[in-house]
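The values are calculated or read from the model by the stated rules, or taken from the named source; none is laboratory data. What you see is a predicted model; the values in this text were computed from it and never measured. As a convention, Cβ positions derive from the backbone with ideal geometry for all residues, glycine included, and neighbour counts pool all protein chains shown.
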């Protein structure tokens, strides 16, 4: 079951609205495909990312994957605990955010993301 | 599940870290039936194996196992192998799955050139292979066999029954831990697997896949032929001078290897540890200035040591322990350092066995 308060991408990131910001992480499906996460490379605070642009990489013991931004915006924070505890992504994928973005006013981008039932269908 | 040389194999069961830690601290079991087996027997079998492989059979007793390599005439790898001495003139070569056919045709073509009374048989379909690895693997198997496991020393084997199935019990493995490899008839393999799973409950034994097999062997500094070395890598360049029988008569590649030993080698496979936070992977370049001077052959984040480590082929002048090196990790320059191998060495058991 995917939380209904999140929006999802076909690349298996999720987005959570948090006031004027959004939080971005990867889904339970994604973490299960990756296996044990051991390393996350995140962008500098202040960087501008476009929708679908690569904002970082995530490595498990067995694979490396790129992380794609669900929306355009400015990175206002990265999750500081991931440097020492990347395994949190496996343990609580939908609670463990990677970057905090200030979206650049194009709410259409968010509207076009998948809701939980559409995402669940995608991963079936 | 992934395709591995035509074998459908699991990358992981409960997770690579979980499986890796089970083997380091308790016990784990691997289905490694994909490994190839080639039997070599006959009056001239000793001469044949002495010619084809670089290690020395004079150091191998009946019942004993030797790590060796099938070498080309330039001292490079056709394959790395284990040689089991079944009898004075009867050997089992355990080879890499992907290389079984290549090794067979190589052995046959080389022996055809020198002649002699020796038969070479692909016995791979006769053996399933189950590896039970980890400090508590002896107590798991003790439940299932009357064979005196303590009497089987490291790199020796015995014939006997496990879970009522007759086979070969070999004290070997690819994990750096104590453990056993069981050669059993394929039709009986599931029975042995199930029995070990059952007996392993007491120590929380975990089934393990290819992922943990790779992280465990790398942590133990064991090479993977085809990844760390191949037909372009000499046995000395791979850091495996200890498997060359320098005292024995001529063998394939002996001339080149002896010359390399006398004159030194230009490049060497070394262990490294990342200094910067990054994981170097197979194929990443080792840099000197902006030039690519070497290549990473294996690399991972190891679950037990919790470090990013790997093996890299580097110029000899960068091979000394402690040498700082730089690696191009997907466009980012990351610092690493040459370190002593193995990365992990198992603690000595309290009692001798």
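Annotations
- Some residue of segment A:82-93 being more than 12 Å from every other protein chain (Cβ to nearest Cβ), free of Cβ contacts under 8 Å to residues at least 24 places away in the same chain and surrounded by 15 or more Cβ atoms within 10 Å (Cβ to Cβ): yes
- Residue A:70 being away from chain B (no Cβ under 14 Å) and within 14 Å of residue A:14 (Cα to Cα): yes
- Subset of segment B:307-318 [within 14 Å of chain A (Cβ to nearest Cβ) and without any contact (Cβ under 8 Å) to a residue 60 or more places away in the chain]: B:307, B:308
- Residues being within 14 Å of chain A (Cβ to nearest Cβ) and surrounded by fewer than 20 Cβ atoms within 10 Å (Cβ to Cβ) - total across segment B:229-277: 2
- Candidates B:211, B:200, filtered to the one that is buried (at least 23 other Cβ atoms within 10 Å of the Cβ), within 14 Å of another protein chain (Cβ to nearest Cβ) and farther than 19 Å from residue B:82 by Cβ: B:211
- When residue B:293 is tested against (1) surrounded by 17 or more Cβ atoms within 10 Å (Cβ to Cβ); (2) out of contact with any helix residue (DSSP H, G or I) (no Cβ under 6 Å at 6 or more places or on another chain); (3) at pLDDT 95 or above; (4) within 14 Å of another protein chain (Cβ to nearest Cβ), only condition (4) is not met.
- For segment B:343-352, the condition holds for at least one residue, the condition being that it is more than 13 Å from every other protein chain (Cβ to nearest Cβ) and in contact with a helix residue (DSSP H, G or I) (Cβ under 6 Å, 6 or more places away or on another chain).
- Here residue B:226 meets the list (1) surrounded by fewer than 19 Cβ atoms within 10 Å (Cβ to Cβ); (2) over 22 Å from the mean Cα position of the chain (by Cα) almost entirely, failing just condition (2).
- For segment B:112-124, the set of residues classified as part of a helix (DSSP H, G or I) and within 22 Å of residue B:226 (Cβ to Cβ) consists of B:124 only.
- Qualifying residue in segment B:7-25 (condition: in contact with a helix residue (DSSP H, G or I) (Cβ under 8 Å, 6 or more places away or on another chain), within 16 Å of residue B:122 (Cβ to Cβ) and modelled with pLDDT under 95): yes
- Meets criteria (farther than 28 Å from residue A:121 by Cα, more than 14 Å from every other protein chain (Cβ to nearest Cβ) and either buried (at least 17 other Cβ atoms within 10 Å of the Cβ) or free of Cβ contacts under 8 Å to residues at least 60 places away in the same chain (or both)) for residue A:75: yes
- Among the conditions (1) in a helix (DSSP H, G or I); (2) surrounded by fewer than 20 Cβ atoms within 10 Å (Cβ to Cβ); (3) not assigned by TED's automatic domain parsing to the domain that holds residue B:45, the only one that residue B:109 does not satisfy is (3).
- Every condition in (1) outside any strand (DSSP E or B); (2) within 11 Å of chain A (Cβ to nearest Cβ); (3) surrounded by 17 or more Cβ atoms within 10 Å (Cβ to Cβ) holds for residue B:304 except the one numbered (2).
- Unique match (being crowded, with 17+ Cβ neighbours inside 10 Å, out of contact with any helix residue (DSSP H, G or I) (no Cβ under 8 Å at 6 or more places or on another chain) and in a helix (DSSP H, G or I)) among A:109, A:120: A:109
- Scan of segment A:34-59 for residues that are under 20 Å from residue B:210 (Cα atoms) and either part of a loop (DSSP other than H, G, I, E, B) or more than 11 Å from chain B (Cβ to nearest Cβ) (or both), ordered by number: A:35, A:36
- Sole residue being modelled with pLDDT of 95 or more, within 14 Å of chain A (Cβ to nearest Cβ), buried (at least 19 other Cβ atoms within 10 Å of the Cβ) and not in a strand (DSSP E or B), chosen from B:334, B:280: B:280
- Any hit, segment A:26-38, residues being over 15 Å from residue A:92 (Cα atoms) and in contact with a helix residue (DSSP H, G or I) (Cβ under 6 Å, 6 or more places away or on another chain): no
- Within the span defined as segment B:245-261, every residue fails to be under 18 Å from the mean Cα position of the chain (by Cα) and not in a loop (DSSP other than H, G, I, E, B).
Results for (1) out of contact with any strand residue (DSSP E or B) (no Cβ under 6 Å at 6 or more places or on another chain); (2) within 16 Å of residue B:33 (Cα to Cα), shown as yes or no for each residue.
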{"position": "B:164", "(1), (2)": "yes, no"}
{"position": "B:185", "(1), (2)": "yes, yes"}
{"position": "B:196", "(1), (2)": "no, yes"}
{"position": "B:233", "(1), (2)": "no, no"}
